[in-house]
Amino acid sequence: MTGPLSDVPPASTEFLATVAARELEGKQRVFAGVGLPTLAVDLAVRTLNPDLELVYESGVCGARPEAMAEGIADSVLVSGAAAVVPMPVLFGYVLQRGHVDVGFLGAAQVDRYGSLNTSFIGSWRDGARPDVRLPGAGGAVEVMANAGEVVVVLRRHDPGALPDRLDFCTSPSPVAARAADPRAVPRGFGLRTLITPKAVLRRRDRFGELEVASVHPGVSLEEVRASTGWDVAVSPDVVETRRPRVEDVRLLREEIDIVRLYLR
């Protein structure tokens, strides 16, 4: 896609959503969440991949919403959808059968191998009370294990969000699953792409570590390294992240999230 580039800052929702939307080019089916994933999938359908099939945890398959969804059970997802199925059918026959190319997940913490924490922040062992209780797993464990690949967008890039060791492992990567039980290695690649306000990190190998693939405009590689809780690897062909187009930003602001529910 060509066109003039915008100057929105790398930490802005528009920047993150646009970078995430590019991950859906050429994909067939995405398991979408709410928030930033909602913006990313809508933008991808409008600009890069009009045939992309949207699947939601509520059981909606092949969604074609006429307006932006405010939740996975929003009625706008049902109108025009190919099917609405019970959640056991969605997880058992669509997700676990390997029919989802990309899963969008959120997280509070991500480790070097792509495991996610969405449960607790702080100590929770031996009766201790964690500092923060998070929503928990939901369907993320199944998405991590069975989607072809997973994309995560974080709104923070610091050692607290990218620690050397998770406070709690909610959704294990293939690396963590194999370490726990070699017989339990999932079919999916796990987290392939992590998008933060500073950089894009990728895992090139299913059992490898995240490495810096691109650095956002105005951010140095040294800053990315200093903000990561482990000695993060850097791709030999690291580049600068391409900025959003002016048209991408216009679509997000004027046609997709006109009520500013997710944009901020």
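Structure notes:
- Checking residue 106 against (1) at pLDDT below 95; (2) more than 27 Å from residue 205 (Cβ to Cβ), the condition it does not meet: (2)
- Test: residue in the stretch 224-243 that is surrounded by 14 or more Cβ atoms within 10 Å (Cβ to Cβ) and part of a helix (DSSP H, G or I): yes
- Qualifying residue in the stretch 93-100 (condition: closer than 27 Å to residue 167 by Cα and modelled with pLDDT of 95 or more): no
- Options 43, 39, 90; residue that is outside any strand (DSSP E or B), over 26 Å from residue 260 (Cα atoms), hydrophobic (A, V, I, L, M, F, W, C) and in contact with an Asp or Glu (Cβ under 8 Å, 6 or more places away or on another chain): 90
- Residues of the stretch 1-28 classified as crowded, with 19+ Cβ neighbours inside 10 Å and not in a loop (DSSP other than H, G, I, E, B), total: 10
- Filter result for residue 34 (under 25 Å from residue 173 (Cα atoms) and crowded, with 19+ Cβ neighbours inside 10 Å): yes
- Scope the stretch 164-193; condition crowded, with 23+ Cβ neighbours inside 10 Å, touching a Leu at 6+ places or on another chain (Cβ under 9 Å) and not in a loop (DSSP other than H, G, I, E, B); matching residues: 171, 191
The values are calculated or read from the model by the stated rules, or taken from the named source; none is laboratory data. All values derive from a computational prediction rather than experimental measurement. Every residue, glycine among them, receives a Cβ derived from its backbone with ideal geometry; neighbour counts consider all protein chains shown.
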